Every structure is written in C-alpha cells, then in structure tokens.
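What follows is one structure encoded as structure tokens, with my remarks underneath.
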Amino acid sequence: MFEYPSILLSLITLPLLGIFVVLLIPQNNPNLVKTVSLWTSLITFFISLVLWLQFDLSTPKYQFVEHFFSVPYVNMNVFIGVDGISLFFVLLTTFLIPLCLLASWDSIKINIKEYNIAFLFMGSLLICVFTVLDVLFFYIFFEAILIPMFLVVGIWGSRERKIRASYQFFIYTLVGSVLMLLAILTMYAQTGTTDVQVLSTITFSTDLQMFFWLAFFASLAVKVPMVPVHLWLPEAHSEAPTAGSVILAGILLKMGGYGFLRFSIPMFPDASIYFTPLVYTLSAIAVMYASLTTLRQVDIKRLIAYSSVAHMGFVTIGMFTMNIQGIEGSLLLMLSHGIVSSALFLCVGVIYDRHKTRIINYYSGLTVTMPLYSIIFLFFILANMGLPGTSSFVCEFMILAATFKSNIFITVLAATGGVFGAAYSLWLYNRAAFGNIRLSYIDNFQDLDRREFFVFLPCVILTLIMGIYPEVFLNVMHSSVQHLVEQIQ
Amino acid sequence: MNFFNFFENDFIVVLPELFITTAIIFLLSYGVIYSTSSSYNYPILSVNVSWLSFFVLFIAFLLCIGNFLSSMVIFNNLLIVDPFTTFTKAIILLSSMLCILISLNYMEYNKINTFEYTLLILLSVLGMLLLVSSYDLLSLYLGVELMSLSFYILAAYKRNSEFSGEAGLKYFILGAFSSGLLLFGSSMLYGFTGMTNFEDIAKLLVGLGAMSDTVSYSGIVIGILFVSIALLFKVAAAPFHMWSPDVYEGAPTPITAFFSSVPKIALLALYIRLYFYTFFDFITLWQELFLTCAILSMVWGSIAALAQKRVKRLMAYSGIVNIGYMLLGVASGTITSIVGLLVYLVIYVIMTLGFFSFMLGMQNYKTTSLNVYLTDLTNIGKTNSTVALAVSLILFSMIGLPPLAGFFGKMYLFLAVMNSELYAAAILGVLSSVVAAFYYIRIIKLMYFESSKTFTLYKPMDAANSYVLGISLFLLIIFFVSSDALLFSCHRIGLLLSL
C-alpha cells in the first residue's frame with residue numbers, strides 16, 4: 001500500500017506554518033489574515049481525512065507512528081501515532097478549527113491577527129495532545145493549551161465577567177494538572193520512561209496505581225468536567241467568544257475523556273476498577289444535577305454548557321463500564337457531542353451577533369423572523385436530547401445498554417437524566433423560537449447568511465450519518481477498544 | 001623558592017578574579033581623575049564606566065570559560081576551581097553583564113551621575129566569584145562580606161529617596177546580623193573540629209553521625225545550624241525573609257534586578273558545595289531544616305504576594321517562592337537535584353532579568369518615570385502590544401506552563417524531589433505554584449483584559465532593554481527544542497562534584 005511517511009507531522013506543522021505566514025501579513029489587511037488562516041486549517045482538515053482513508057481497521061496497534069521529538073538527557077524518544085481511539089479526536093479537531101474561524105469571521109473586530117494565530121496554534125497543540133504517545137508530552141501539550149485559551153477568553157470574551165471566567169478556567173485546570181505532573185514524574189522515577197507503549201506493559205503495585213489514578217483523576221476530572229469541579233465550565237463557556245466556546249465544548253472537554261481512555265484505564269486497571277463506583281456516582285450526579293440546573297438557566301450559553309456537563313457524565317459512565325459497547329458508546333458520544341454542542345454554540349453565536357444578548361427572555365418567535373435558522377436550531381436541539389436518527393441517540397443507547405449489564409441503578413438514573421434533557425432542550429426551543437415576535441426587542445432581523453449556512457451544513461450531515469449509520473465510525477474503533485478491554489481483564 | 005613559583009598555576013586559574021580586581025583599580029583611578037578634571041568640564045562618567053565594566057565582565061567571562069585546568073585547589077586550600085565553579089562563574093558574569101545593560105537607560109534618566117555605581121557592581125561580582133570558589137570557611141566569609149558590603153551601598157544608592165536609605169539600612173543591619181551568625185557558626189565548627197577547610201571537615205564528618213551523644217557532635221550540629229541560618233538569611237528564605245521586600249522596594253530598580261538574580265546564583269552554588277559535599281553526612285539534620293524553610297517560603301511567599309500592590313514587592317515575594325523551590329531541590333540531596341537546581345537557577349535568572357528589562361524599559365513619555373504600582377501596567381496590551389505579549393510569555397513561564405522554559409525548570413527540580421520521595425513537600429510545592437500563578441496572571445490580566453480610561457504613553461523601549469527582553473524570551477522559548485547542552489553540562493558538573 002502507498003505510504004504517507006509524515007502525515008501526522010504535517011498535520012502538526014502546517015498550522016504552525018500558517019501562523020508564520022499570518023505573522024508576516026500587515027495588520028491593516030485583516031481579510032488576508034482570515035483567508036490565509038482559513039485555508040491553512042482547511043488544508044489541514046483535508047490532509048487529516050487521508051488518515052481515515054489509510055487507516056487499517058484490523059489492528060489495535062498505533063498507526064502512522066513517527067519519531068517526533070527526543071530529549072537525550074532523560075533518554076526520552078517521543079513518538080506520535082494514532083489508533084482507533086485517537087483517530088476521531090484528531091479529525092474532530094481539524095474539522096472544528098475551520099468552523100471556528102468561519103464562525104467568527106465578522107464578529108471579531110479587534111486583534112484579528114492574534115485571534116487567528118491563537119486558533120491555529122490551538123489546533124496544532126490539540127493534534128499533538130491526541131497523537132503523542134508519551135504521558136509527559138501529553139501533559140505538556142495539555143497544559144500548553146491554557147495559554148492561548150486563557151487569552152482567547154480574556155481578550156475576546158464578551159462581558160466584564162470574562163476576567164473571572166478566564167481566571168476560573170486557568171486556576172481549576174492548573175490545580176488538577178500539577179498533581180498529574182507529580183504522578184508522571186513519580187512514574188518516570190519508578191520506571192525510567194514515560195512512553196505509553198512501554199508503560200502499558202508495566203503493572204504498577206496497587207498502592208501506586210491508586211495514587212496515580214487519583215492524581216490523573218484530579219486533572220482529567222476538571223477537564224471532563226465531573227460534578228464538584230465543573231464550576232469553571234459554565235463561566236468559561238458563557239464568557240468566551242462563540243468560537244472559543246466551540247473549541248472548549250468541542251475538543252477541550254474531550255481531552256479529559258481521552259486521557260481516561262488512554263492512560264487511566266489501561267495503565268491503572270486495578271485502580272480503575274476500584275474507583276468505578278466513585279466515577280459512577282459522580283457521573284450520575286452530574287447527569288441528574290446538571291440537567292436539573294439547566295432548567296433554570298436564563299443565559300442560553302450557560303444552558304448549553306450545563307447540558308455539556310450532563311452529556312459528559314454519560315461519557316464517563318460509559319467509559320467505566322469497561323466493556324466494548326460502553327467504551328465505544330462513550331467515544332461516539334464524545335464525537336457526537338463535539339459536533340452537536342459546537343453547533344448549538346454556533347446557533348447561539350448567530351443570534352448573539354444579531355441581537356447582542358443571550359438571555360432567553362428577550363427572544364421569542366424566532367420562527368417568524370428566521371425560519372431557516374429555526375429549522376437548524378430545532379435539528380440540533382433534537383439531536384442534543386437524543387432523538388432517534390440523530391447521533392446522540394445511538395451513543396446514549398449503547399451506553400445505557402452497556403451500563404445495564406453492570407449496574408441497573410445507575411442506568412435508571414442516567415436514563416432519567418435523558419428525560420430531563422428532553423425537558424430542558426424542548427423548553428429552550430419553545431421559549432426562543434415559538435410565541436409572538438417581541439417587536440419591542442427585535443426591530444431588524446436577518447436569517448442565516450451563506451457563510452453561516454455552510455458552517456452548519458457539515459455539522460447537520462455528520463450528525464445524520466452518525467445517527468443513521470454509526471458503523472462508519474464504530475468499525476474504526478472496534479479493534480482498539482477490544483484490545484483495551486482485553487488489557488483490563 | 002620564590003613566591004611566584006610557589007603559586008605558579010594558582011594565578012593562572014584565578015585570572016578572571018585578578019583581571020576584575022585590576023580593572024576595578026584602573027577604572028576607579030580613571031573615574032576619579034577624569035571626572036574631577038576642570039579642563040574637561042567635569043564629565044559625567046556613569047554610562048561610560050558602565051560600558052567599560054561591561055567589557056571587563058565580558059573579558060572576565062572569556063577568561064573564565066577559557067580556563068584549561070579542569071580542577072584545582074589553590075592558595076593553600078583557600079579556593080577551588082573546577083567545572084562547577086567555572087559554570088556558575090560564567091553564569092554570574094553573563095547575568096551581571098545583562099544587569100549592567102538594563103541599567104544604562106535608568107542611569108541616564110534618573111541622574112545617577114556617579115561612576116562608582118558600576119564599580120560597586122563589579123566589586124560585588126568579585127565577591128561572588130570568590131564565594132563560588134571558596135573552599136574554606138574563611139574565604140567563604142570574606143567572599144560573603146565583600147559581596148554584601150557592596151550590596152548595602154548599592155541598596156542605598158538613590159541618596160535623595162527615603163525608601164532607598166531605609167532599604168540600605170535594613171539590609172545592612174540584618175546582613176550584619178547574619179554575618180555575625182555565620183562567623184559564630186564557623187567558629188563553633190572550628191572550635192569543635194579544629195579545621196576550617198571544606199575537604200577536611202567533610203572527611204571528619206564521615207562517620208561522625210554515628211557518635212551522636214558526644215559533646216563535639218552537638219557542637220558541630222550547632223555550628224552547622226548557625227552557618228545554615230546565616231546563609232538562609234542571605235537568600236531570603238521564609239522565616240528569614242523580612243528584609244527582602246523592603247530592600248527590593250527601596251533599592252533603585254536595576255539594583256533590584258541585580259539583587260533578585262545574580263547573588264542567588266552565587267549563594268545557591270555555595271549551598272551545593274557546602275551541603276552536597278562538606279556537610280553531606282549530616283543530611284538528616286539540614287534536610288529537615290531546608291524542607292521547613294522551603295515549605296514556609298513557598299507557602300508564605302505565594303500567599304503574601306497576593307496582597308502586594310507594587311511590582312517590585314511582588315517580585316520580592318516571587319523571589320522568596322522561587323528560593324523555596326530551590327531549597328526543596330537542595331533538600332532532596334542527590335545528583336539529579338544538582339542538575340535540577342542548576343537548570344532552575346539559569347531559567348530563573350533569565351526570567352527575572354527579562355521581566356526587569358520590561359520594568360526598566362517602559363518609561364513614561366512625559367515624566368520619564370517607571371511603573372511602580374501594579375495598576376500602572378493597565379492598558380499596556382493595547383498601547384505596546386508586542387512588549388505585552390513578550391512579558392506575558394515570560395510570566396507564563398514563571399507560572400510554569402509547559403512549552404516555556406519555566407516549566408522544565410520546575411519539572412527537573414520536582415523530578416529530583418520525587419526521586420528522593422519527598423512527596424508531601426512536592427505536593428505542597430506544586431499547590432503553592434498554583435497560588436503563585438494567581439498573582440502572575442494578575443499582571444497579564446492588567447495588561448490585556450482590564451481597561452482604564454487613562455492611557456499612559458510610553459517611550460519606545462531603548463535598545464539595551466529590548467535586546468535583553470528579546471534574548472530572555474528567545475531562550476525561554478528555545479529551551480523546549482534544544483535543552484540538551486545545558487542539561488548534559490549540568491549533569492556532568494553534578495557527577496564531577498559528587499565524585
């Protein structure tokens with residue numbers, strides 16, 4: 001078969017190249033900046049599709065493995081590669097970055113150059129996070145994203161509360177992850193390596209596993225986010241610019257889930273099984289509590305943010321069932337959530353751009369003024385609550401079915417959360433789209449323009465494909481997930 | 001046998017020190033004669049002498065790295081020169097050169113017209129070089145004193161400022177007190193062992209730990225404790241840190257930059273020599289002491305910094321936190337921790353000098369004064385966006401965010417700490433680094449996120465400061481890609497030191 005020797009490396013370096021080109025463009029030519037960065041991200045996306053085409057479905061091994069970096073002093077050779085678990089995260093990243101750039105085409109008016117650079121840089125770092133096969137370097141890139149994201153929320157955020165939001169985002173993440181760093185350093189001190197492929201062949205003693213698992217949990221749970229440490233999420237989501245929320249909900253949250261699947265479960269299996277009840281409890285609380293909290297939000301973005309917490313609760317439940325169905329379900333749910341909730345944030349962005357408010361009370365009768373928008377908004381609202389035929393239904397069904405085998409009580413709780421999900425989603429749509437037009441608030445209006453329509457279109461198509469024929473995505477995961485489950489047992 | 005034959009190689013080995021001494025004498029006479037000459041209209045020589053001192057330091061640096069004798073004990077066992085001292089001396093000389101560079105602009109606008117300013121810096125550098133290579137309690141004391149005495153004068157250099165006078169006085173009183181402690185500790189050690197040489201003491205202490213009930217044992221313990229406490233005073237570690245915020249605040253800003261970077265290298269080098277070699281067999285004793293001080297410095301430094309309103313006081317507390325990390329490295333007591341310490345020191349100095357070059361470079365257009373309060377930094381993100389970006393990256397590096405060098409400094413340090421299984425201290429350390437992150441990002445927040453109605457107009461940054469800022473930023477970013485040379489040389493030094 002034809003070999004593509006450095007396809008992952010080009011995915012990482014291409015955005016950096018784009019940054020370099022953007023840096024050379026003078027400040028007074030914002031359109032060129034936008035065009036260059038959009039094309040860079042689009043080319044990255046098309047190259048990343050080659051990964052999927054060339055992906056070998058039959059093996060759980062890492063593919064496209066390349067040497068990435070070496071630190072001779074600590075005897076570290078870092079490789080990058082993808083397997084069935086990480087492939088779609090890479091694709092999701094490259095898919096969402098151009099959408100983000102397109103979505104903020106007109107709404108960002110200050111520091112356009114820096115904004116585009118920040119997003120391209122985040123794209124590159126995220127691909128590093130999902131492909132690097134080394135715990136320490138995973139940590140490095142995981143943390144490095146804080147820098148651009150902190151600035152994106154703080155500089156281009158919408159209101160005065162953005163400062164508080166960016167602080168919370170920064171500090172919450174940092175507190176968790178420094179503990180993970182200590183665990184990684186201890187791991188290195190014990191074994192002399194931080195390579196994932198080597199570490200997965202090593203069995204740690206139970207005490208160490210407990211310590212490592214808890215330290216990793218402290219960091220990953222903040223990112224997922226699990227319930228007691230989820231408070232940064234609604235803040236950061238509601239204050240970030242639209243594209244920032246998309247990146248946050250679409251990909252940054254998935255780093256937590258990815259970390260669990262890549263590190264916690266395969267490397268500390270005993271501890272994972274030991275702590276499963278903890279994860280179940282926290283996730284069930286997340287599903288129930290977040291869904292109920294969602295009902296009384298007045299800010300649409302906060303509402304969607306809380307619904308993200310609920311969905312990520314589903315993800316962690318599915319992951320810790322530790323069987324193939326559950327893990328595949330949670331992987332697929334992460335993908336589906338990455339697209340659906342990103343699209344919902346984009347929906348909010350559309351009306352925010354026009355009317356400069358996100359408070360639900362001010363909206364009413366959008367179906368009359370923006371019919372096309374209302375259809376798309378309805379589609380994603382239905383997808384968010386898990387209507388059959390959309391992506392979320394498949395994954396939630398898989399997760400519930402898998403959980404049913406191990407813990408019926410949790411299944412009942414999670415399923416109830418699904419009902420609440422329908423409640424808040426429909427109620428939101430009901431309030432915003434139906435009813436009379438409030439002419440006192442809305443005096444001029446405009447439906448989706450072409451740019452916005454083409455931002456939504458790929459999301460709609462993907463959601464439908466994932467809902468109707470999920471096997472396209474699942475068959476990539478099968479062998480890797482099976483290998484993972486075998487590792488645990 | 002005449003004198004010079006006896007010390008034949010010794011003079012070659014101490015060439016950098018000799019050169020600096022001679023240069024000081026020449027520059028002093030040059031300054032005295034030329035600046036008082038009425039026929040030349042009493043020229044102001046401060047910038048001129050600064051440039052000359054800069055080149056003196058540069059030549060001393062060349063002499064230092066050109067040292068071909070790899071390891072040697074000289075002058076009747078008073079001084080030692082080995083790869084470790086060469087390395088630290090090189091860093092000291094380089095960072096003092098940068099310190100002189102960033103103070104040029106300040107001298108011009110704040111009318112520091114006396115040329116003795118840089119000569120005092122040269123004198124203190126000489127003291128530090130002697131301190132680094134001291135191999136005897138006597139030469140240690142003399143080095144510390146030469147360094148500190150110059151510092152007292154430098155702290156009080158802004159004669160017409162009350163704060164500066166206060167700083168000098170406070171520094172002098174507490175410095176003299178700690179020097180007294182150092183002398184007392186040394187005399188205890190001398191009294192109970194009969195020797196002052198590091199090597200002799202190290203040899204004597206081997207196995208003495210077993211005889212813990214003898215009188216001489218407790219005498220030595222008291223001696224080590226006093227010496228340690230005196231040295232903790234000098235680096236401003238937590239229970240002994242009271243002088244540092246006031247001194248940092250009162251001293252002229254370039255001198256603050258100098259205080260917060262260069263002496264730390266010299267003193268930490270001394271720590272490594274003293275505790276990893278001479279007192280190593282009493283590790284159970286000093287490890288606890290250093291752990292306590294490290295934890296107190298990290299926790300107290302990061303909490304107290306939250307309440308600061310002035311940039312220089314903030315940097316003083318940030319220095320205390322950083323000393324806390326370094327003491328944690330000292331307390332872990334392995335070769336890995338020597339590497340961690342040296343790497344951390346280098347990165348810390350780079351970050352500090354970068355930050356201070358920003359502080360010294362941002363001059364108000366009208367008043368030519370520098371920023372004093374944190375709130376003065378508001379809007380820099382809008383008025384001077386490139387500078388703001390550079391400083392934000394430096395601050396992110398101080399927080400310890402990954403692709404920047406600050407993270408790797410912390411990483412290698414904590415790797416050593418984890419190797420020595422000091423888990424509780426490590427957890428406290430990283431948690432206090434999160435608290436510390438709070439006040440560093442406060443500066444970034446002020447520069448970028450907050451907007452006030454008054455926009456300060458700044459002068460374009462002068463060449464020297466912008467070069468230093470650029471160099472520092474470049475080094476912080478490039479460390480991720482190529483850190484091997486530094487790491488391997490530190491490792492080699494650590495190995496040679498513990499042979």
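Worth pointing out:
- Counted by neighbouring Cβ atoms within 10 Å, the residues A:Asp56, B:Asp246, A:Asp299 run from fewest to most as A:Asp56, A:Asp299, B:Asp246.
- The fewest-to-most ranking of A:Met210, A:Met319 by surrounding Cβ atoms within 10 Å reads A:Met210, A:Met319.
- Here the peptides A:445-455, B:329-339, B:122-132 are ranked by packing, the mean other Cβ count within 10 Å, and the order with the highest first is B:122-132, B:329-339, A:445-455.
- Across region B:269-400, the mean sequence separation of Cα contacts (distance under 8 Å, 6 or more residues apart), normalised by length, yields a relative contact order of 22 percent.
- Per-residue Cβ neighbour rank within 10 angstrom, fewest leading, A:Lys61, A:Lys109: A:Lys109, A:Lys61
- Projected label points at A:Ala415 and A:Glu160, each 7 Å from Cα along the beta carbon direction, are separated by 4.9 nanometres.
- Taken as Cα centroids, region B:263-319 and region B:145-176 sit 21 Å apart, rounded to the nearest whole angstrom.
- Projecting the Cα atoms of A:His67, A:Tyr167, A:Phe79 onto the charge dipole of chain A, computed from C-beta unit charges around the Cα centre, puts A:Tyr167 farthest toward the positive end.
- For region B:144-229, the relative contact order works out to 28 percent when only alpha carbon pairs closer than 8 Å and six or more residues apart are counted.
- Normalised by 2.2 N^0.38 Å, with N the number of residues, the alpha-carbon radius of gyration of the protein assembly as shown equals 1.03.
- If you model chain B as an ellipsoid using its alpha carbon gyration tensor, with each semi-axis the square root of five times an eigenvalue, the axes come out at 35, 29, 21 Å, biggest first.
- Against the rule of thumb 2.2 N^0.38 Å, how large the Cα Rg of region B:413-499 comes out: 1.64
- Long pairs among A:Lys34/B:Lys366; A:Lys223/B:Lys264; A:Lys113/B:Lys264; B:Lys158/B:Lys264; B:Lys203/B:Lys264, criterion Cα-Cα beyond 32 Å: A:Lys34/B:Lys366; A:Lys223/B:Lys264; A:Lys113/B:Lys264
- A:Ile273-A:Ser205 FRET efficiency (beta carbon distance; Förster radius 22 Å; 0.05 resolution): 0.90
- Distance from region A:109-176 to region B:348-417 (C-alpha centre basis), Å: 19
- Förster radius 30 Å - calculated FRET efficiency between A:Arg450 and A:Ser10, Cβ distance, rounded to 0.05: 0.45
- The convex hull defined by the C-alpha atoms of region A:166-315 has an orientation-averaged projected area of 8.7 nm².
- Relative contact order (%) - criterion: Cα under 8 Å, at least six apart; region: region B:100-152: 34
- For the pair region B:90-109 and region A:442-487, the centres of their Cα atoms are 58 angstrom apart.
- Cα-projected label distance for A:Asp56 with A:Leu457, points at 7 Å along beta-carbon direction, nm: 3.7
- In this structure, the amide hydrogen of B:Phe75, modeled 1.01 Å from its nitrogen in the peptide plane, lies closer than 5 angstrom to no residue at least 5 positions away or on a different chain.
Rule-based calculations on the coordinates, nothing more; no lab input. None of the values given here were measured: they were computed from a predicted structure. Glycine also receives a Cβ, built like all others from the backbone with ideal geometry; neighbour counts cover every protein chain displayed.
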